[in-house]
Amino acid sequence: MTIQELGEKFCLPVEKLKKYESCGLLPGRGNEDGTREYSDDDIRILGLICILTESGMSCGEIKKYLSLPENGQGD
């Protein structure tokens with residue numbers, strides 16, 4: 001899924017998704033042509049990011065939360 005498709009799916013502007021990328025929250029993968037692709041795992045993570053953002057958490061707080069082992073992201 002491209003960043004534009006992801007934005008449409010979640011009703012989010014591409015700029016917000018790029019902010020999440022720059023904060024290290026949304027990984028995505030670069031293609032040979034320079035476009036970003038997002039997996040089903042990225043989509044699941046973005047859903048959680050949206051919920052946590054709505055609850056008032058900052059990018060830094062969300063990053064810490066996502067790194068916790070019980071969230072399947074940490075060591």
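Annotation: cysteines of the chain without a disulfide-compatible partner (Cβ-Cβ under 4.7 angstrom) are CYS11, CYS50.
I'd like to check one number: the per residue accessible area of the chain, probe 1.4 Å, reported in Å² as a whole number. List each step's numbers first, then the result.
Details: 4870 Å² over 75 residues.
Each residue of the chain exposes 65 Å² on average to a 1.4 Å probe.
Estimated from helical segments only, the mean residue ellipticity of the chain at 222 nm is -15500 deg cm²/dmol, where each DSSP H run of four or more residues counts as -39500 (n - 2.57). With R₀ fixed at 35 Å, the C-beta to C-beta distance from GLU54 to ASN31 puts the FRET efficiency at about 0.70.
Could you tell me what percent of the accessible area of the chain is made up of carbon and sulfur, with a 1.4 Å probe and every protein chain present? Exposed carbon and sulfur together represent 51 percent of the surface. Within the full protein context, the accessible area of ILE45 is estimated at about 20 Å² for a probe radius of 1.4 Å.
Taking each residue as 0.36 nm, the span from GLN4 to LYS63 lengthens on full extension beyond its C-alpha to C-alpha distance by 18.9 nm. Among the protein heavy atoms, those of ARG36 account for about 80 Å² of accessible surface (1.4 Å probe, every chain in place).
Backbone phi angles across region 26-36, fed through the Karplus curve with coefficients 6.51, -1.76 and 1.60 (θ = phi - 60°), yield HN-Hα couplings of 10, x, x, 9, x, 8, 4, 8, x, 7, 9 Hz in residue order; Gly and Pro are listed as x.
The values are calculated or read from the model by the stated rules, or taken from the named source; none is laboratory data. Just so you know, these numbers come straight off a predicted model, no measurement behind them. With ideal geometry, Cβ positions are generated from the backbone for all residues, glycine too; neighbour counts draw on all protein chains shown. Please note that ligands, DNA and RNA were not included when accessible areas were found on the heavy atoms of the full protein model with its side chains. Shrake-Rupley method; radii C 1.70, N 1.55, O 1.52, S 1.80 Å.
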